[in-house]
Each structure stands twice: as C-alpha cells, then as structure tokens.
1. When the label point is put 7 Å from the Cα of A:Thr112 along its Cα-to-beta-carbon vector, which residues of segment A:165-179 have a backbone N closer than 19 Å?
2. Which of the trypsin sites (Lys or Arg not before Pro) found in segment A:176-212 are loop residues per DSSP with 12 or fewer other Cβ atoms within 10 Å of their Cβ?
3. Alpha carbon centre of segment A:515-560 versus segment A:440-454: separation in Å?
4. Measure out, as a whole number of angstrom, how far apart the alpha-carbon centroids of segment A:149-194 and segment A:41-109 sit.
5. Neighbouring Cβ atoms within 10 Å as the yardstick, rank A:Asp341, A:Asp551 fewest first.
6. Sort out for me the Cα centre separation of segment B:1-68 from segment A:317-393, rounded to whole Å.
7. What list do you get for B:Thr47, A:Thr158 if you sort them by fewest beta carbons within 10 Å?
8. Considering lysine pairs in segment B:33-159 that are 8 or more places apart or on different chains, how many have Cα atoms under 18 Å apart?
Amino acid sequence: MSETSSSSTAITGAEIFCRSLQAEGVDVVFGYPGGAVLHIYDALYRQDKVSHVLVRHEQGAVHAAEGYAKSSDKPGVALVTSGPGATNAITGIADAYMDSVPLVVFTGQVPTSLIGNDAFQEVDTVGITRPCVKHNFLVKDVKDLATTIKKAFYVATTGRPGPVVVDIPKDVTAASCEFEYPESIHMRSYNPTFGGYTGQIDKAVDLILSAKQPMIYTGGGVILGRGSEALTEFTRKLGYPITNTLMGLGGYPASDKQFLGMLGMHGTYEANMAMHHADVLIAIGARFDDRVTGNIEKFCPHAKIVHVDVDPSSISKNVKVDVPIVGEVEPVLRELIKALDAANAKPDPAALDAWWKQIREWQSQDCLKYDRESELIKPQYVVQKFWELTQGDAFVTSDVGQHQMWAAQFYGFDKPNRWINSGGLGTMGVGLPFAMGVQFAHPDATVGCITGEASIQMCIQELSTCYQYQLPIKILNLNNRYLGMVRQWQEFFYQGRYAMSYMDALPDFVKLAEAYGHVGMRIDKPGDVEGAIKEALAQKERLVFLDFLTDQSENVYPMIPAGAGQNEMILV
Amino acid sequence: MRHIISVLLENESGALSRVAGLFSARGYNIESLTVAPTDDPSLSRMTIVTSGSDEIVEQITKQLNKLVDVIKLLDMTAHPHIEREMALVKVRVGEAADREEVKRLTDIFRGRIIDVTQQTYVIEITGEGSKLDAFLEAVSPFPVLEVVRSGVMGIARGDVALQL
C-alpha cells in the first residue's frame, strides 16, 4: 500500500482525516476553524498536500466548495466547526442538495462524552442536516473514521450526486488508531444504477423515431453525468430541436442552430412553444421543476414522454412519463445512439421540415429583444458585452434574481461546467463564493460573477477571502437599486406596491471594493460598458468590482406567470 | 388506497428518523409504523401503513429506496399477506358479573387475560386492526382504563419473502 493509505503505527483521528483526504486526491478544503476542529486544523498545518482556504463565513465555505465541484469533475470539500459553524453551513448544504452537487462537508462536534448535554457550541448536526443531505454520518469511534470518510466520498459522487455530512466529535480527532484507507467500498444498502434497461432503450428509440414534432429537453443531469458530448452527438444525429434548463446550460452548445435557448419561466418563446406543441418529449437529466413546467395541468398536453434520469424518484414525480429509463446520462445516451444506428427507420423528414418551419416562425418573434438605444445601461447589454469580450469562454457564476436570468439568457454557454448558479434553492449570496471555488479549480481562467447589489451583499465579506488569495475574479454588479425580481413581481402581481424591495442606503461599492484591497469601478453610461469590461479583463492579477448603474425599471422577459401554461407567455 | 410497506434497513442509530423525517418532509401520511431488529441484528424491519393514490405510493417507495439506510422494501398490498396487530387493554371489572362477562368476551375474541387485580383485567389480543376495533367496541360498556396498540406488522403468504 502507498504511504498515504496505510500506517502500521497509531496516528490521531486528525491525522487520519488528513491522510484520508490525501487518499481521495483532495487538493483544497474550504473552511473556518473553531474549538471542535482545532486538532484537525493542527494536523492540516503539519502537512502540505491538502491546502486549506480560509473563508469569512461558513456559508461561503460550502458555496465555494460547490463552485469548485460544479466547475470541475471533483467533489467539493468544506470543513467547519460545531454548533454555529455547522448551522452557518446549512444554506450551502441545502443548496448543494437541491442542485445535486457532489460535496463532502466535515463538521466538528463536541466530545462524545458531552453529546446531548447542551454543551457549549453543541448542535445536533446529523439531525439538523438530515432533510437536506444525501446522507450523513456521526463518527463515534476513531476506528470508523477512515471508512466513514471513504463512504462519504463514495456516496457524494456516485448515482445522483449530493452533499454528505460527516460529523466528527473532538475526542475522535484526538484519539489514535492504526490507519488503513479502504481502496473500495461496498454498501449493501446503496447500489446506484448505471446503464439503462435494453428493453426500455428500444421502446424509447421507437417512440423517438415516430415523432413528428419532437423536442429534446435536458437539465443539469447532463452536466453532472458528463453526458454533454454524447448529447450533442445524439441531438445532431436526430436533427431535433433542443432546449436546456437553467441548470443544463452548456450541456449543448448554445451557438448551435438546433438550440432554441433556455425554457421555463424566463425561457425563450420558441423553446416554450415547441415544448407545448411537441408530440414526443425526450427529457434527459431534467426533473420537471415547476419553474420549467409552469402549470402542470397545461404542460406538454400532446406529448408522449421519454425520461432518462439516474434517480428513479425523479421519474414520474411531477409528470407521468411513458418510457422511463433509469441510468447514468452518458451510458444511456451512448446506448440510445447505438440503437438509433441499428434501427431501420429514420425520422420523418417532411414532418421535421414542417416542424422546423414552425419553430423558425416562433423564433422570428425575437423574444429577447431589448432597447439598444436607451441612454440608461441595459443589464442585458452588459451581459452580452461580457459574453462577446470573453468569446463565451469565461466561467460565469451568478447570484439569484433578475441578473441571473439575464446571465442565463444572454451569455451563450457552448461548454458544460461553465455556468454556475443556484437553480434549485435559489440562494442569494452564492455568486461570489461560487466564483472563489471556480477560481481555485481553474486558477488561470477568467471567472465572472454576474450579480446584483442585493445578492452580493449576502456574502460580501468574502471579498476579504478574495484579497487574501489574490483571486482575479471579475464582479459584474448589475445595480438597479432594487431587489429586482421582487420588484418585477410586485409590479406584475401586487399593483406596484413595492414593499421592501427598494434597496435604499446602498454602500459605495467602489469604495467598498477598495477597502477590501480590490479595484472598484462605477459605470453609469452605456458607452462606457465595453471599455470598463475590457479594462477589467486586462487586470490579470486583481479582483475588479464593476458597479454598473443599470436601468431601474428593466424587467426580465419573456415570462410565464406562475400557474400559467407554457404557451401563455408575457412577451415584452 | 391503504398500503402496507415493509422495509429492511440498516439497524443503525438515526435510520428510523430518516424514514419518519421523509414522511413528514414530503407530506406523506403515516397511519402506523412498527420497527424492531430482525433475526439478523444488523437489520431492522419496519412496517409502515400509509395511504395515498398510486402516484403517491409510487413516490413513497421510490423515496424510501433512495434512503441510503434502506436495503430493500416490499409493498405487501401487491401480494396475499397476513396482517397482525396487538392491543393491551386494561378494563375496570369491580363486580363479579362484569368479570364474568369480560372473560367471556375475551374468550370469544381469542384474547388472553394477562394481569388480574381486584379491580382490573389486562387483556392481550392480536389480529387484524378491524378485529381489535371490534373487541374494543365489545368491551366499551365497561370502563376501559387504557388501550395500547402495537401498530401493524405484515408478512406475505407463501414464497414471497422480504429477505437479502
């Protein structure tokens, strides 16, 4: 056995922790020290294989680990202390659960002798995280530590990925035993599915080839399941139109002519109309979220549905499907491609022509148009310029709100793992720590954080972390002095009563950025947008905070109001 | 429709709360839940009585299967099966005539009197829930001091077996 995976002399739990992480190939841990994890911090200090990034709030640690995982093919790792450390991490854990992010979160716990005694900084971490983790563990004996860590990484990264919490009492990190890291793990109760059933694949192919008005609808599962290339091959082979969910952007190249843009509440007119009129829907790694389906009663009323998903409970959860295929996206797509090649039939070319003609007509609505002559900065324009100037090759994180939707609509993602946002939980404050995680995973890449003045303030203390590690992130703050999406809903559905959506008393973001040691720029004229972005991109060494004062009244269009069908969009 | 779902799960602390938490978090109905270790001490067997449409029950079984502690499950409703529940009933029987009558009723329902004092009987009775209901109805003219019911256990008839 290698040096990292066994030791015949007894070592401490804290050392076992470090050696286990090394054995897992972890290169960075995001965390924050505290009493219950001090033995671990001491052990981390005494080794140099796993580096530790000090964040400024535990929420930032977990989001940074998410950003790291979402932009790479490795799980994210976070380390926090007991009690408040663990509770501060909950938002990040819940966020990772909703978006199926492979994550291992280590929480310190009070010594086993004090568990249950309301000890200082004690919280029932296993209990409090149970509803928002894929699985969690409390390690009560140092002898179980290495195996538990192995299980945690295995569960987090296989099947439908997700966050796993490992709660480690302080005395377990102090106790010693011999170290042996298991090379593989078998859990009789956990057997994730890989390939799909052949019978179902054949049924799916028959249905797919019978389509007159087909539509391919894919989600974040394609990216998580590394199925992007296979999806592209599958889609091009068929010549069918394709749409991605918010989480799935980049799973299929946005610049391709078969791509109809994002679907759902703020998706394109053509994508939603094509969904509504489809006779065969091929859903891959997507879970029929309510932001996608709108009113479920009116969703895809004419379509027979094929659904590929690694998680059986996602199938027929919201929408009844005709051909379910449980399996990993990549191998199932390969099977489908093989079966399509073997099939004698081909899609009906005349029907497909007519379908594309109809789709081109919907596209001619130009549903993403906005006023390009305005004297105010249009947020869409900022995103579009950023896309042009980075040639679509940046990693883009976003927070949650109007700017998130504009980022999704106007930054064309041609590659997977480039778009990092909070789709499921919709967590404000994720953008900056996501960007930190991405920058650690890709030190030389351009990382842009498209945010809003309200979102950025929810984790703004992480500007300090960015300074400590000299992360050259570009923050594009689309500052409309409002909780923009809340204001939009209040305008549409509450007769313009802007209750608490006006963000008065904002900080001077330029000075704030400077106070943290970064470069701050304020831009209030459309003519200055391009120059400012260019200048920011030229700054290779430092974080640049671009504070764009944008048109306050701009709304996100098109929009399907909650409760409406996909064919009932509000256009501009 | 009423379903009886039997679950084999790891006999580990927290496993029960994962299952119970799943039901409360997703708004599923639990009518009764019984759990105990099996002949294999590393395994617990749980019987959950729940109700809902086919779609809901399908989701319940899928979500249960998704829990990492759950090893295997079986929806008894899909097979011929036997259900049993136990009740312990404490009845006040001060008068001799009452003692006679309660003894008679207990015999009719094939129950057993397992504790006797000057004033009370404790009766043990097993069977399907409806039988237990009927017994409680029958003894209701007497002052019933206490009733404790176990919740349902189920096992499939014949060759169908929930095992590893």
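1. A:166-179
2. A:Arg188
3. 13 Å
4. 15 Å
5. Least crowded to most crowded, the residues run A:Asp341, A:Asp551.
6. Comparing the Cα centres of segment B:1-68 and segment A:317-393, I get a distance of 40 Å.
7. A:Thr158, B:Thr47
8. Close lysine pairs under the 18 Å cut-off: 4.
No value in this document is a laboratory result; all are computed from the given coordinates. The structure presented is a predicted model; accordingly, all values stated were derived computationally and were not measured. No Cβ is skipped: glycine too gets one built from the backbone with ideal geometry, and neighbour counts run over all protein chains shown.
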